[in-house]
1. Where in segment 85-183 are the helices (runs of 4 or more DSSP H), entirely inside, with at least 2 residues that are among the basic types (Lys, Arg), within 15 Å of ligand 1 (Cβ to nearest atom) and at pLDDT 95 or above?
2. Restricting to segment 205-229, what's the tally of residues that are in contact (Cβ under 8 Å) with a residue 60 or more places away in the chain, within 12 Å of ligand 2 (Cβ to nearest atom) and either of a type in the set (D, E, K, R) or over 30 Å from Arg164 (Cα atoms) (or both)?
3. Out of the residues in segment 219-263 that are part of a strand (DSSP E or B), among the charged types (D, E, K, R) and within 17 Å of Ala143 (Cα to Cα), state the one that is farthest from ligand 1 (Cβ to nearest atom).
4. Check segment 282-298 and report whether any residue there is in contact with a Leu (Cβ under 6 Å, 6 or more places away or on another chain), at pLDDT 95 or above and among the hydroxyl-bearing types (Ser, Thr, Tyr).
5. Among Ser422, Ser401, which is the only one that is among the small types (Gly, Ala, Ser) and surrounded by 20 or more Cβ atoms within 10 Å (Cβ to Cβ)?
6. For the subset of segment 204-218 comprising residues that are of a type in the set (Val, Ile, Thr) and assigned to a loop (DSSP other than H, G, I, E, B), which member is farthest from ligand 1 (Cβ to nearest atom)?
7. With the checklist (1) touching a Pro at 6+ places or on another chain (Cβ under 9 Å); (2) more than 18 Å from Leu555 (Cα to Cα) in hand, flag the one item Leu491 doesn't pass.
8. When you check Gly21 against the structure, is it of a type outside the set (Phe, Trp, Tyr) and out of contact with any Leu (no Cβ under 6 Å at 6 or more places or on another chain), yes or no?
Amino acid sequence: MAGVKQGDWVVAAADQMIAEGKRRGPGTPLVCASGISPSGPIHLGNLREIMVPHFVADEIRRRGLECRHVLSWDDYDRLRKVPAGAPASFAEHIGRPLTAVPDPCGDHENWAEHFKVPFRTALAELGVEVTEISQTGMYTSGAYREQIIHAMRNRSRIDAVLGRYRTAKKAADAETEAETDEDEASDAAAGAGYYPYKPYCSVCGRDTTTVTSYDETTTRIGYGCQCGHTDGFELNRHDGGKLVWKVDWPMRWAFEGVTFEAGGVDHSSPGSSFTVGSRVVREIFDGQPPTYLGYSFVGSSGSAKMSGSAGGAPTPADALRIIEAPLLRWLYARRRPNQAITVAFDQEVNRLYDEWDALGRKIGTGGAEPGEIAVRARSVGSATRTLPTTERVLPFRTLASVVDITTGQDELTLRILRDITSEDPLDDLAQARPRLDRAQAWITGYVPAEERTRVRTAPDLERLGQLTEAEHESIKLLLDGLDAHWSPAGLTDLVYGVPKIQAGLSPDAAPTPELKTAQRAFFALLYTLLVGRDTGPRLPTLLLALGAERVRALLTAA
Ligand SMILES: [Zn+2]
Ligand SMILES: [Zn+2]
């Protein structure tokens, strides 16, 4: 990859993964893996579990090599708790596999599917192609029988490997991943007889079971359940449980031949699942741990609660309603995985779009760094697909102001956008979409009422009656110049120019502190008279949006 800036994390991870494939032997397939437990809404933090391997797989594919990206749905995991927003009655399903818990809304096959469906839609919109694997499907079809029996046969060796990390883990574990609590339960049995496998009870369906016996010859496992049921079955004929997380994860590295995986930074600390798993896969499953990157936190700024999703952290679907897919990809691509990301739902979203547009212009004029070009290329699409873009790129903040003022009325929006693009007017609103729709969704879904623009319905006669001579003159200068300046650039000149004329300066006079003060005061006066507060959208946009007639009406005492 000549020309790619040193330190490009995607390039580095892809190089490392290819080297790992070569080390394992000729013909080793390249496999990126992601794993998500669909136990509740799948949020923007979980998306990083997909996006980090996605960019690595995509880089490999761009080099003309094949790379598989597996998304393991950990849907055979137990329901741990009822997430906020779901009926409390679901507490009775705690301990059952996520695919055995009923759908909370009634439209989906089960609990797991309810959370997978919107996430899957978001992945498609983001241009992410994965091969989905349902762990329920794998476990209940017996795909892992051989591995399970192997783990049971080697349970003392597994116990010994885990034992080396138990002390280290306890120290680090207070704040680490929830996945360990099933191991805690098994660990409690350590010494007395460790079993890396936990049956789901044949009567109550929960994993509140304790293995009581195992017969190596017949592979018969015996268990007792907290519900009072005791039972047993042959592991070589029956599939009714799963390996504990710290054995399950490395087993699957070997099973799928995973060569790259990413995990939350909490998986990467000493004694964490990854370090323990690396030993387990080598010593027990005769496999290799994947090359690995730990990723950091994804936060969000702004009133994510306004999104309409049932509380909790915002999801990719929430973000895609206000952020175009390439920009959302960019947020995940441009930062190294160990850096935290913030997805903006507040006014910062304007800046995100501005930065993205500025990068586009910089690349267009040939002034961009190779690293910037690479990251933008990763954002606008994948090796196999270019994502839809907005044909006519207008600043997001302009679109947001316009739909704020027009309250989304298409005809009025189009008229204003045509005025704004008067040099080459828009043909129709479709040319401004999908960005226009994102701006609309942001204004209506995330901008608090007190920050919305409410155009006055009648002139502010009280304020107009108190105008000073100078204020009166400034408004007259503005109104007299409106028609001749009816374009974004023209109105910009006009609103900045009025205070210059009043100060006896030429139109191209350099700004002085006094002039700036006068300009600010003039703008505040206009905002007060037009929208009833002292700030608002950019004045040229606001004036164009209102139309000359309405501006005159509001700035004149009838
Ligand atoms: Zn549902
Ligand atoms: Zn039971």
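The values are calculated or read from the model by the stated rules, or taken from the named source; none is laboratory data. Quantities reported herein were computed from a predicted structural model and do not represent experimental measurements. FYI the Cβ positions are ideal-geometry reconstructions off the backbone, even for glycines, and counts take in every protein chain you see.
1. Where helices (runs of 4 or more DSSP H) fall fully within segment 85-183 and carry at least 2 residues being among the basic types (Lys, Arg), within 15 Å of ligand 1 (Cβ to nearest atom) and at pLDDT 95 or above, they are 111-125.
2. 3
3. Only one residue fits best here, namely Glu234.
4. no
5. On the way: Ser422 fails: surrounded by 20 or more Cβ atoms within 10 Å (Cβ to Cβ).
Ser401 is the lone residue from the list that is among the small types (Gly, Ala, Ser) and surrounded by 20 or more Cβ atoms within 10 Å (Cβ to Cβ).
6. Within segment 204-218, the subset of a type in the set (Val, Ile, Thr) is 208-212, 217-218.
Add one more test, that the residue is assigned to a loop (DSSP other than H, G, I, E, B), and what stays is 208, 217-218.
Working: Thr208: 26, Thr217: 45, Thr218: 41 Å.
Checked segment 204-218; the qualifying residue farthest from ligand 1 (Cβ to nearest atom) is Thr217.
7. (2)
8. The answer is no for Gly21.
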